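Novice: Quick one: this structure, given as structure tokens, is what I'll be asking you about.
The values are calculated or read from the model by the stated rules, or taken from the named source; none is laboratory data. Note that the structure is predicted; figures quoted are calculated from it, not measured. Every residue, glycine among them, receives a Cβ derived from its backbone with ideal geometry; neighbour counts consider all protein chains shown.
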């Protein structure tokens, strides 16, 4: 059995337990270190996004910006730190450099695109 | 006399009509509504700007768009400024800022509360860097005054760009539905830069700052309600850090709050901790702060035999009352306010610990959670703690424990002071026995029960002196009153230092 420290602690579900349900209608269940509590949730808690492993083969925007230049195309081989695009953001022409050596699998944006934070721009093989 | 009347019209009748059409009062009307009738004395009414660029020389801006003065609220002196949106959109130029600075310096010198009514389109672009200088001078004085006099910001219109940082540096921010708008960059900039469309209300309206950002402390549906809240707050806090809040006549709590019947014995069941507060405070009055933000922790003022106390309580009704990033921040800032202004702190504890989750860890719950430890440890006002039910793990330490120098720690018989909840603890301590058992579920059940009986009570902690007494819920008010009474002359000081370095 895995130590409870390493399992996913929080389980969220509407109360189903009949007996408890009669005493505390409308409350939600929260599991903290194996103990169950009946409570209500905040909007922030309900809307929180589950964490996903970032894909290191994708180049994503860390700030919102506009694509000014794309210096590579599909199939190109690039060296680590090679400049591959220019993203204008916060009044700066930011050069985007290859984080690793490899070949370009796809270019997902065009010059002139206005991108929100977190957009995938280029994918590596 | 004629000249005075002209100035008092601010931007003129048309601009006043426009202001009223937006559902807003004028600057002088606001001041008169807030202060005791007839008590307002205005200064610098005839101040004029000296800007000459961009045709500014031709423009007459009455009072340079801000009204400053002194007056009283319930007989207590205050300093006040109110930006006048009818004059050049309340924009802040050099003379405008000098007037604000003048009244701020007066407030600090005379040790009286400062109230700032913000209603401004932002920096006066035509005055360039002078306008920026003006903001900087205001922020500097907000910082110097912090902890010396209470500073109150009232957002009654736009407050955008750099202007937001004066309210952010003050102690309490009041907002009003549909009127208050606060943001660093407005919807238009966001649209051009990011392509995201959002309304002013959704970006930085009163509700957003009361429920999502935590920037605002009090929310009202209209300006008169907002002014009543300000008066109520000022009646509960002292004029400066040398004084104590003015006492009121002692009154018992209302009989309808039966303290023994609020908290369920079963630690998994929720209740509203504010009922426990109302069961002990004078007349069952509780003036809650930041009601809708981080509501898993409740803060606010109540009176105990006439004396203002600050209450910090876990709220089992929301997220089981856990501590998290926002609630730690909320508690820490409130504790520091109480400490700065000689207000005893009463803590009601009932929490399962810190909120687990990747989002919390990555949002820096370590750094933010540390603020609450810092604030309690540093506070030298009387600190009284009552453990109502659960006090587990790091949460037990953080919530005004003996170890952070609480003066008195009481616990109800329902208190469970332990390193963690029975399920979690039994699963770790008896892991081997449970794993090797032929009936693991039954063994776990037994072990959980065993742990509950041994540790889910206040007596282990009491046997070490971490809890001073185990008390019945019905005794709580009288015991707290006694504790406050014997703490009146409390005098402890921190090691000599310029200032501490809290994990902001």
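Novice: Could you please give the count of residues in segment B:482-504 that are loosely packed, with under 15 Cβ neighbours inside 10 Å and closer than 24 Å to residue B:261 by Cβ?
Specialist: 1
Novice: Could you check segment A:28-46 and list, in sequence order, the residues that are modelled with pLDDT of 90 or more, more than 7 Å from every other protein chain (Cβ to nearest Cβ) and surrounded by fewer than 20 Cβ atoms within 10 Å (Cβ to Cβ)?
Specialist: A:28
Novice: Before we move on, is residue B:246 outside any strand (DSSP E or B), away from every other protein chain (no Cβ under 14 Å) and surrounded by 22 or more Cβ atoms within 10 Å (Cβ to Cβ)?
Specialist: Details: outside any strand (DSSP E or B): yes; away from every other protein chain (no Cβ under 14 Å): yes; surrounded by 22 or more Cβ atoms within 10 Å (Cβ to Cβ): no.
So residue B:246 fails the test.
Novice: Considering only residues that are part of a loop (DSSP other than H, G, I, E, B) and under 18 Å from residue B:120 (Cα atoms), which ones fall in segment B:175-203? Talk me through it step by step, then tell me what you get.
Specialist: So the first thing to find is which residues in segment B:175-203 are part of a loop (DSSP other than H, G, I, E, B), and the list is B:177-180, B:184-186, B:195-199.
Answer for segment B:175-203, where residues must be part of a loop (DSSP other than H, G, I, E, B) and under 18 Å from residue B:120 (Cα atoms): B:177, B:178, B:179, B:180, B:184, B:185, B:186.
Novice: Among the residues of segment B:305-321, is any within 12 Å of chain A (Cβ to nearest Cβ), surrounded by 20 or more Cβ atoms within 10 Å (Cβ to Cβ) and out of contact with any helix residue (DSSP H, G or I) (no Cβ under 8 Å at 6 or more places or on another chain)? Full working, then the answer.
Specialist: Step one: filter segment B:305-321 for residues within 12 Å of chain A (Cβ to nearest Cβ), giving B:314-321.
Cutting the leftovers down to surrounded by 20 or more Cβ atoms within 10 Å (Cβ to Cβ) gives us B:314-321.
From what's left, out of contact with any helix residue (DSSP H, G or I) (no Cβ under 8 Å at 6 or more places or on another chain): B:318, B:320.
Checking segment B:305-321: at least one residue is within 12 Å of chain A (Cβ to nearest Cβ), surrounded by 20 or more Cβ atoms within 10 Å (Cβ to Cβ) and out of contact with any helix residue (DSSP H, G or I) (no Cβ under 8 Å at 6 or more places or on another chain).
Novice: Same structure, new question: For segment B:45-69, name all the residues that are surrounded by fewer than 19 Cβ atoms within 10 Å (Cβ to Cβ) and either at pLDDT 95 or above or not in a helix (DSSP H, G or I) (or both).
Specialist: Just the residues of segment B:45-69 that are surrounded by fewer than 19 Cβ atoms within 10 Å (Cβ to Cβ), to begin with: B:45-46, B:48, B:50, B:52-60.
Passing the criteria: B:45, B:46, B:48, B:50, B:52, B:59, B:60.
Novice: Right, next: Is it true that some residue in segment B:409-417 is in contact with a helix residue (DSSP H, G or I) (Cβ under 9 Å, 6 or more places away or on another chain) and within 14 Å of another protein chain (Cβ to nearest Cβ)? Talk me through it step by step, then tell me what you get.
Specialist: Start the filter on segment B:409-417 by keeping residues that are in contact with a helix residue (DSSP H, G or I) (Cβ under 9 Å, 6 or more places away or on another chain), which leaves B:409-417.
Within this subset, residues satisfying the condition of being within 14 Å of another protein chain (Cβ to nearest Cβ) are B:416.
Yes; the residues of segment B:409-417 include at least one that is in contact with a helix residue (DSSP H, G or I) (Cβ under 9 Å, 6 or more places away or on another chain) and within 14 Å of another protein chain (Cβ to nearest Cβ).
Novice: If you don't mind, another one. Hey, among B:118, B:130, which residue is in the same structural domain as residue B:213 (by TED's automatic domain parsing), closer than 29 Å to residue B:340 by Cβ and surrounded by 18 or more Cβ atoms within 10 Å (Cβ to Cβ)?
Specialist: Working: B:130 fails: closer than 29 Å to residue B:340 by Cβ.
Testing whether each residue is in the same structural domain as residue B:213 (by TED's automatic domain parsing), closer than 29 Å to residue B:340 by Cβ and surrounded by 18 or more Cβ atoms within 10 Å (Cβ to Cβ) leaves just B:118.
Novice: Another one. Being touching a helix residue (DSSP H, G or I) at 6+ places or on another chain (Cβ under 6 Å) and not assigned by TED's automatic domain parsing to the domain that holds residue B:449 narrows it down to one residue among B:219, B:271; which is it?
Specialist: Values: B:271 fails: touching a helix residue (DSSP H, G or I) at 6+ places or on another chain (Cβ under 6 Å).
Step by step, each of B:219, B:271 is checked, and only B:219 is touching a helix residue (DSSP H, G or I) at 6+ places or on another chain (Cβ under 6 Å) and not assigned by TED's automatic domain parsing to the domain that holds residue B:449.
Novice: Among the residues of segment B:297-311, are any in a strand (DSSP E or B) and over 30 Å from residue B:206 (Cα atoms)? Give the steps one after another, and end with the answer.
Specialist: Our first condition is that a residue be in a strand (DSSP E or B); within segment B:297-311, this holds for B:297-304, B:307-311.
When the remaining residues are screened for being over 30 Å from residue B:206 (Cα atoms), the result is B:304, B:307.
Yes, that holds for at least one residue.
Novice: Only one of these is within 17 Å of the chain's Cα centre (by Cα) and farther than 14 Å from residue B:217 by Cα: B:165, B:135. Name it. Spell out how you get there, then give the answer.
Specialist: Numbers: B:135 fails: within 17 Å of the chain's Cα centre (by Cα).
Going through B:165, B:135 in turn, the sole match is B:165.
Novice: For segment B:443-474, how many residues meet the condition of being surrounded by 15 or more Cβ atoms within 10 Å (Cβ to Cβ), assigned to a helix (DSSP H, G or I) and under 33 Å from the mean Cα position of the chain (by Cα)?
Specialist: Within segment B:443-474, residues that are surrounded by 15 or more Cβ atoms within 10 Å (Cβ to Cβ), assigned to a helix (DSSP H, G or I) and under 33 Å from the mean Cα position of the chain (by Cα) number 3.
Novice: For segment A:65-84, state whether one or more residues are modelled with pLDDT under 90, within 30 Å of residue B:326 (Cα to Cα) and either surrounded by fewer than 11 Cβ atoms within 10 Å (Cβ to Cβ) or in contact with a strand residue (DSSP E or B) (Cβ under 6 Å, 6 or more places away or on another chain) (or both).
Specialist: Step one: of segment A:65-84, the residues modelled with pLDDT under 90 are A:65.
Add one more test, that the residue is within 30 Å of residue B:326 (Cα to Cα), and what stays is A:65.
Within this subset, residues satisfying the condition of being either surrounded by fewer than 11 Cβ atoms within 10 Å (Cβ to Cβ) or in contact with a strand residue (DSSP E or B) (Cβ under 6 Å, 6 or more places away or on another chain) (or both) are A:65.
Checked segment A:65-84: at least one residue is modelled with pLDDT under 90, within 30 Å of residue B:326 (Cα to Cα) and either surrounded by fewer than 11 Cβ atoms within 10 Å (Cβ to Cβ) or in contact with a strand residue (DSSP E or B) (Cβ under 6 Å, 6 or more places away or on another chain) (or both).
Novice: In addition: Give me the residue from segment A:12-27 that is surrounded by 10 or more Cβ atoms within 10 Å (Cβ to Cβ) and within 29 Å of residue B:213 (Cβ to Cβ) and, out of that set, modelled with the highest pLDDT.
Specialist: That would be A:27.
Novice: Might you check whether a residue that is more than 20 Å from residue B:414 (Cβ to Cβ) and within 14 Å of chain A (Cβ to nearest Cβ) occurs anywhere in segment B:265-287? Give the steps one after another, and end with the answer.
Specialist: As a first pass, look at segment B:265-287 and keep what is more than 20 Å from residue B:414 (Cβ to Cβ): B:281-287.
Checking the rest, the ones that are also within 14 Å of chain A (Cβ to nearest Cβ) come to none.
Checked against the condition, which is being more than 20 Å from residue B:414 (Cβ to Cβ) and within 14 Å of chain A (Cβ to nearest Cβ), segment B:265-287 yields no hits at all.
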